[in-house]
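Here's the structure, in structure tokens; my notes come after.
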Amino acid sequence: MSLSGELIAFLGLALVAILGGVLLITLTKVVHMVIALVFTFLSIAGIYMLLSAEFVAVVQILIYSGAITIVMLFGIMLTKHQEREEPSKGRWGKFSLLLAVAGFAVAVYLGIYNLHIPVQPTTLHEENTKQIGIELFSKYVIPFEVMSVLLLVALVGAIVLAKKDDKDEEGDQL
Amino acid sequence: MTGVPLSAYLVLALVLFCIGLYGALVKRNVVIVLISIELMLNAANINLVAFSKFGVTPSITGQVFSLFTITIAAAEAAVGLAILMALYRNRKTVNVDEMDSMKH
Amino acid sequence: MMENAWLIPIFPLVTFLVLLLSGRRWREQGAYIGILLTLASFILSLLVLIERFKEPTYKVTIDWLSIGGTQLTAGFEINQLNALMLVIVSLVSLLVQIYSKGYMYGEERFSIFYAYLGFFTFAMLGLVMAPNLLQLYFFWELVGVGSFLLIGFYFYKQEAKKAAKKAFIMTRIGDVGLLIGVILLFWETGSFEYGEIFQAVQAGEISVGRLTLIAVLIFIGAVGKSGQFPLHTWLPDAMEGPTPVSALIHAATMVAAGVYLVATMFPLFLASVTAMHVVAVTGGFTAIFAASIALVQKDVKRVLAYSTISQLGFMMLALGTAGYVAGVFHLMTHAFFKALLFLAAGSVIHAIHTQNIEKMGGLWKRLNWTGPLFLIGTLAISGFPLLSGFFSKDEILMSAWEHGDYLLFTLAVITSFLTAFYMFRLFFMIFAGESRSSVNQVKESPSIMLLPMFVLALLAVISGYIQTPWFGTFLGDWLVEGNEKLLGASHNEGPVWIMFMAVFVSLAGILLAYMMYAKKKIPRDWLFKENSKLYKVIDNKYFIDEIYFFTVGYAIKGFSLFLSYIEKFIVGGLISTVTSSIEGLGKIGSKLQTGQVQQYGMIAFLGLAVLLVIFALTGGYLR
């Protein structure tokens with residue numbers, strides 16, 4: 001297998017993504033962890049590019065690297081957190097969890113290893129956004145609308161939950 | 001053209017998923033736990049997009065679904081953070097292991 | 001009229017219910033309800049009695065339960081004894097209620113008192129009307145409950161509480177005997193009906209041994225209720241109740257129930273010589289035993305209580321010596337003069353607020369009405385000639401003589417001497433001599449209290465004339481009419497000298513008391529000193545209470561202690577082992593519930609991982 005440009009790009013992006021994940025685990029400062037994960041999200045966007053999904057890649061950058069990361073940073077800033085993340089589990093807990101994750105990974109990898117699907121030519125890269133738009137507004141229009149309702153519910157719910165409940169606090173004092 | 005095989009993407013997704021899982025189960029800070037869950041969702045998204053290109057019947061559907069997943073992830077992050085704020089106001093902590101009111 | 005006799009006990013029951021439900025509002029006015037309804041009861045009883053003179057026994061029963069082939073019935077019966085008892089009970093109850101209107105005036109729980117009186121009267125009236133043993137037993141227990149409520153009426157007084165408990169438990173012991181007797185009888189004859197039982201007895205269907213056993217068991221019930229030796233100890237303690245209650249219990253209701261039971265079951269007793277003997281000996285012994293205790297008691301009500309026990313012993317003695325008429329006759333006369341004595345004693349207590357006769361004296365002039373009334377009662381109970389007690393006691397003596405039991409006869413004679421003596425001791429200590437209480441406080445009772453006493457005094461004088469050797473034996477003839485075979489003779493003929501001796505004995509007792517307590521010619525301790533051993537023994541009522549305490553009490557306590565240890569260590573140990581082991585399991589379980597979400601997630605994931613690894617290694621189940 002010769003080193004094609006695609007492969008080099010994949011390897012680089014995958015390396016950054018995994019590195020970001022590993023940093024998430026190993027770093028001690030909470031803010032650093034979030035920043036490390038931004039790299040992962042960005043490189044995943046690159047992976048989407050490789051998979052000829054330009055629209056999804058852009059959405060990934062916008063929502064994950066942009067919105068969610070910012071929201072998370074706000075969450076960190078609004079709460080008084082310990083600067084340094086102390087390890088919570090005992091050594092045995094971590095070790096057994098690591099073992100379990102490794103076992104899980106091996107088991108799934110065996111599945112992936114045995115998976116052989118012939119590559120077929122696709123036209124996904126041609127007018128990718130248009131294709132998604134057509135699908136979304138013809139075949140998946142009902143899920144799309146349901147999704148918008150879901151977002152509205154999440155919006156209202158988040159506001160209600162996070163709102164400082166003045167009445168309750170007065171009630172507590174009584 | 002010898003492209004990157006499907007299994008490479010799947011393995012990448014697997015690795016990211018495992019990292020996210022480990023983080024979700026080990027980290028004490030709720031924010032980090034939430035972010036780890038986002039990472040797991042991302043890994044699943046990679047699978048969706050990869051299968052949309054290399055699947056048995058390649059189609060755009062996988063990408064559409066990954067869009068839905070991203071939307072849900074965003075909603076989940078918002079609600080999760082709102083819960084976090086409410087909890088923090090009551091318990092004055094963001095550590096998962098101190099939120100044990102379900103005990104006994 | 002007799003078909004409406006079922007109304008007689010209903011009236012007091014209505015009193016009870018009405019006063020219990022709404023008595024607090026009426027307070028003192030509640031008395032009128034009680035008095036009026038009891039008056040209705042009394043008038044009806046009187047009409048029934050009058051009608052019963054002309055007509056045969058009236059009996060109504062309805063089927064209550066049928067179990068297999070056995071029919072249990074409920075209803076009522078009016079025979080001679082029942083009709084007579086109805087009148088006595090309702091009359092005494094009526095008079096006591098009128099009296100209580102004055103005596104209990106100002107009492108906080110006035111209407112409750114009348115409610116209890118109504119209940120008690122209801123139970124006793126129901127008892128005497130019962131046509132079968134089962135119904136009798138029900139009312140028998142209701143009488144027990146009524147006495148418990150009334151004796152413990154001053155429940156805030158420790159002694160009253162104890163006395164009520166004691167009365168209930170002691171009579172309960174007797175009740176067990178009665179219950180076993182009734183069950184045995186049902187077993188033998190298959191019926192609770194008096195008539196069928198007596199028929200079976202006469203036909204000789206029951207072996208003599210079994211019959212004796214049953215009779216004695218039933219008699220134990222009577223012993224408990226009528227305060228015969230050895231179950232008499234509750235009766236003096238029952239004096240803790242209000243005085244009108246004592247009058248009611250001692251004259252007409254509670255203790256009369258025992259005598260009534262023996263009288264009702266008389267044919268059964270007649271069939272067994274041994275049982276009759278047991279009854280007679282118990283009665284005779286109780287009579288002299290209680291009389292001797294009464295000699296030294298210092299509490300006016302206790303003297304009267306022991307005299308009641310003694311007189312009940314007389315009745316039992318009469319019944320036990322086949323003197324059915326004599327027993328019932330004495331029951332009736334005793335009801336009148338004992339009620340009179342109690343009410344008069346209550347009047348004295350009401351006037352000077354003490355029950356200790358040592359602190360009384362010289363009241364004859366101050367209590368112009370109570371004194372003579374008390375004297376009439378005392379004369380009647382002492383057997384003074386021409387008063388009611390004289391005739392009824394004569395009957396008993398004759399009966400004992402005729403039966404040929406000369407030892408019991410002697411006991412009875414001595415007892416009547418003692419009776420005359422202690423009753424006049426009581427009388428003289430209260431009314432003769434110098435006044436010992438502060439003068440100004442003494443005042444005569446209101447007329448509402450005196451009126452019932454007048455009625456009773458009148459009856460105490462004249463009620464004896466319905467059965468005399470001179471003017472005919474009307475009561476006896478009537479009582480045994482139609483049942484001569486079952487109940488025996490209507491009158492006991494004895495030598496004339498018995499009557500003279502009875503008169504002599506009672507006069508001697510009176511004279512001795514007069515010399516000792518009124519004239520003080522004979523020092524009070526001429527027979528035995530106050531600190532002598534014999535005196536102490538009698539003063540402590542022969543230590544019967546103490547003996548019970550040290551034998552029965554300790555035995556039961558020891559056994560209870562043993563059981564409580566079994567309970568504590570064996571049963572309790574077993575239970576605590578079970579509970580603690582389960583608790584331990586639960587604790588282990590709850591330890592697992594740490595509330596750590598991540599821990600839960602980790603365990604769940606571990607499980608998934610293990611499953612997946614197994615799946616990957618084996619290639620799955622389906623391969």
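Just one of (1) under 26 Å from C:Val245 (Cα atoms); (2) in contact (Cβ under 8 Å) with a residue 24 or more places away in the chain trips up C:Leu47, so point out which.
In the conditions (1) under 26 Å from C:Val245 (Cα atoms); (2) in contact (Cβ under 8 Å) with a residue 24 or more places away in the chain, C:Leu47 misses (1) alone.
Restricting to the stretch B:37-51, and then to whatever is of a type outside the set (A, V, I, L, M) and facing another protein chain (nearest Cβ under 7 Å), can you tell me which residue is nearest to B:Leu14 (Cα to Cα)?
Restricting attention to the stretch B:37-51, the residues satisfying the condition of being of a type outside the set (A, V, I, L, M) are B:38, B:42, B:45, B:47, B:51.
In the following step, the residues that additionally are facing another protein chain (nearest Cβ under 7 Å) were identified as B:38, B:42.
On the way: B:Glu38: 14, B:Asn42: 11 Å.
Only one residue fits best here, namely B:Asn42.
Check A:Glu145, A:Glu126 and return the single one that is outside any helix (DSSP H, G or I) and either more than 16 Å from A:Val59 (Cβ to Cβ) or in contact with a Gly (Cβ under 8 Å, 6 or more places away or on another chain) (or both). Please lay out each step first, then the result.
Numbers: A:Glu145 fails: outside any helix (DSSP H, G or I).
So the residue among A:Glu145, A:Glu126 that is outside any helix (DSSP H, G or I) and either more than 16 Å from A:Val59 (Cβ to Cβ) or in contact with a Gly (Cβ under 8 Å, 6 or more places away or on another chain) (or both) is A:Glu126.
Go through the residues of the stretch B:12-21 one by one and say whether even a single one is over 18 Å from A:Val108 (Cα atoms) and facing chain A (nearest Cβ under 7 Å).
Taking the stretch B:12-21 and keeping what is over 18 Å from A:Val108 (Cα atoms), we get none.
No, the stretch B:12-21 has no match at all.
Let me spell it out: the conditions are (1) at negative phi; (2) away from chain C (no Cβ under 14 Å), and B:Lys92 meets all of them except one. Which number is the exception?
(1)
State whether one or more residues within the stretch C:130-140 are modelled with pLDDT of 85 or more, surrounded by fewer than 23 Cβ atoms within 10 Å (Cβ to Cβ) and within 20 Å of C:His250 (Cβ to Cβ).
Within the stretch C:130-140 (the criterion being modelled with pLDDT of 85 or more, surrounded by fewer than 23 Cβ atoms within 10 Å (Cβ to Cβ) and within 20 Å of C:His250 (Cβ to Cβ)), the answer is yes, since at least one residue qualifies.
Quick one: which residue in B:Thr69, B:Thr57 is surrounded by fewer than 21 Cβ atoms within 10 Å (Cβ to Cβ) and without any contact (Cβ under 8 Å) to a residue 24 or more places away in the chain?
Only one candidate qualifies: B:Thr57.
When the residues of the stretch A:21-50 are filtered to those that are without any contact (Cβ under 8 Å) to a residue 24 or more places away in the chain and within 9 Å of chain B (Cβ to nearest Cβ), which remaining residue is farthest from A:Leu98 (Cα to Cα)?
Across the stretch A:21-50, the extreme among qualifying residues is A:Tyr48.
For every residue, the table says whether it meets (1) in a helix (DSSP H, G or I); (2) surrounded by 15 or more Cβ atoms within 10 Å (Cβ to Cβ); (3) modelled with pLDDT under 85.
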position	(1), (2), (3)
A:Ile47	yes, yes, no
A:Tyr64	yes, yes, no
A:Ile68	yes, yes, no
A:Val71	yes, yes, no
A:His81	no, yes, yes
A:Glu86	no, no, yes
A:Tyr109	yes, yes, no
A:Pro121	no, no, yes
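What are the residue pairs meeting all of these: first residue in the stretch B:1-30, first residue within 16 Å of A:Ile25 (Cβ to Cβ), second residue among the acidic types (Asp, Glu), Cβ atoms under 8 Å, and 6 or more apart or on different chains?
B:Gly20/B:Glu38; B:Lys27/A:Glu85; B:Arg28/A:Glu85; B:Arg28/A:Glu86; B:Arg28/B:Asp97; B:Asn29/A:Glu85
Sort out for me the helices (runs of 4 or more DSSP H) sitting completely within the stretch C:232-286 that have 3 or more residues that are within 15 Å of the chain's Cα centre (by Cα). Outline the logic, then answer.
Values: elements: C:234-237, C:243-251, C:254-264, C:266-270.
Counting at least 3 such residues, we get C:234-237, C:243-251, C:254-264.
The values are calculated or read from the model by the stated rules, or taken from the named source; none is laboratory data. These figures come from a predicted structure and were not determined experimentally. In this analysis, Cβ positions are derived from the backbone assuming ideal geometry, glycine residues included, and neighbour counts consider all displayed protein chains.
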